[in-house]
Amino acid sequence: MKSLSLPRLNTVGNTKNKKENSMKHTLYKKVKRGFTLIEMLIVVGIIGILVALAVPALSTAMSDARQAKVNAYISQINTALNRYVIDQEVKNQKNEITNLETSWSSIQKYLVINGKTNPSYDELKAAVCNGGTANITGGKVEWKTTTGEGDPTPTEYATVTGVTITCSGN
């Protein structure tokens with residue numbers, strides 16, 4: 001009897017067969033690289049929405065920061081005026097300030113603007129409004145004398161008119 005020999009079947013461990021199968025598979029497989037146009041448009045749209053939400057909040061924060069800066073300068077000038085009054089009382093002098101700009105040399109020694117001591121009036125105006133135009137009003141010191149009801153001796157006291165700053169052009 002003659003034996004029949006069957007052709008040998010490829011086994012799982014045959015590497016040649018695996019390579020052929022994987023090559024065959026990749027030839028028919030659609031390779032996806034990068035993003036599609038729709039995916040990119042969706043991402044750009046989401047970023048646009050986030051920016052649209054962030055810009056008003058940022059604008060409000062910047063406006064609030066500018067206002068806080070102006071308020072800090074107002075407080076600093078008012079404090080300088082009060083320190084001037086105390087200094088005048090200690091020296092037993094009663095010099096009035098009727099115009100802040102013309103009497104600036106009287107209070108500038110009490111101020112520090114942007115790290116600089118004894119700033120000029122123009123340096124203050126430039127620093128307050130970030131290059132805009134600063135209108136500074138008020139800042140007066142007046143001395144008054146009163147007498148009490150039962151006490152005939154006069155009493156002197158100072159009244160300080162606070163500073164107001166308005167910015168325009170920025």
Query - Inter-label distance for ALA72 and THR146, nm, one decimal - labels placed 7 Å from Cα along Cα-to-Cβ - result: 3.7
**Report entry** Estimated Rh, region 48-89: Kirkwood, alpha-carbon pairs, angstrom
**Finding:** 12.7
**Report entry** region 57-125 - percent of accessible surface contributed by carbon and sulfur, probe 1.4 Å
**Finding:** 48
Query - Local electrostatic count, ASN114, Cβ distance below 12 Å [Lys/Arg +1, Asp/Glu -1] - result: +1
Requested in this report: Just give me a number: lysine pairs in region 40-170, eight or more positions apart or cross-chain, with C-alpha atoms less than 20 Å apart.
Outcome: 12
Report summary line: Probe 1.4 Å, all chains present, heavy atoms only: TYR73 accessible area in Å², nearest 10, is 20
Report task. Send over a whole-number figure in Å² for the accessible area per residue of region 87-170, probe 1.4 Å. Result -> 60
Query raised in the report: Which distance in nm do the two modelled labels at ALA57 and THR137 give, with both placed 7 Å along the Cα-to-Cβ direction?
Result: 3.7
Query raised in the report: Sorted by accessible area (1.4 Å probe), largest first, how do CYS167, CYS129 line up?
Result: CYS167, CYS129
Requested in this report: In nm, give the distance between the simple-model label positions of VAL160 and LYS94, each being 7 Å from the Cα along the Cα-to-Cβ direction.
Outcome: 1.9
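The values are calculated or read from the model by the stated rules, or taken from the named source; none is laboratory data. Because the structure is a prediction, the values reported are computed rather than measured. Quick reminder, even Gly has a Cβ in these numbers, built from the backbone with ideal geometry, and neighbours come from all protein chains shown. For accessibility, only protein heavy atoms count, side chains too; no ligands or nucleic acids. Shrake-Rupley method; radii C 1.70, N 1.55, O 1.52, S 1.80 Å.
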